[in-house]
Amino acid sequence: MTGVVTDLTYLGSQSRLEITTGAGTLIVRAGVESPTPAVGAEVRLGWSAERTTVFPTRNEATETRNPWTATLAQSTSSSQS
């Protein structure tokens, strides 16, 4: 899967990236040992099934704002805590 980094937040020992893909927006966390791409960079993504967390949503898919998990969302217009 490929996408474009649309947001980057440094969180001390980790970074939170929003990556827009053809399937929606993916929220990714990256440790300090990982290279951190700049906003606007095209990236290639891959991960194992056991390292994935997907949250069910009501009605339309929305992003869950939790920097410690990865979620796939169709829209980032509203947030849930």
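State the extension gain, in nm to one decimal, for the chain segment bounded by Arg51 and Ala23, taking 0.36 nm per residue of separation less the distance between their alpha-carbons. The partial results should precede the final answer.
Working: separation 28, 0.36 × 28 = 10.08 nm, distance 1.87 nm.
Extra length available between Arg51 and Ala23 comes to 8.2 nm.
Highest mean first, how do 11-18, 46-53 rank when packing is the count of other Cβ atoms within 10 Å averaged over residues? Kindly include the intermediate steps, with their values, before the conclusion.
On the way: 11-18: 15.0, 46-53: 7.8.
Packing order, densest peptide first, comes out as 11-18, 46-53.
Between Gln14 and Val39, what is the label-point separation in nm under the 7 Å Cα-to-beta-carbon projection?
2.1
Any read-out appearing in this document is the output of simple, stated calculations on the displayed coordinates, not a laboratory observation. As the structure is a computational prediction, the values presented were derived from the model and not from experiment. Reconstructed Cβ throughout: ideal geometry from the backbone, glycine too, with neighbour counts over all protein chains shown.
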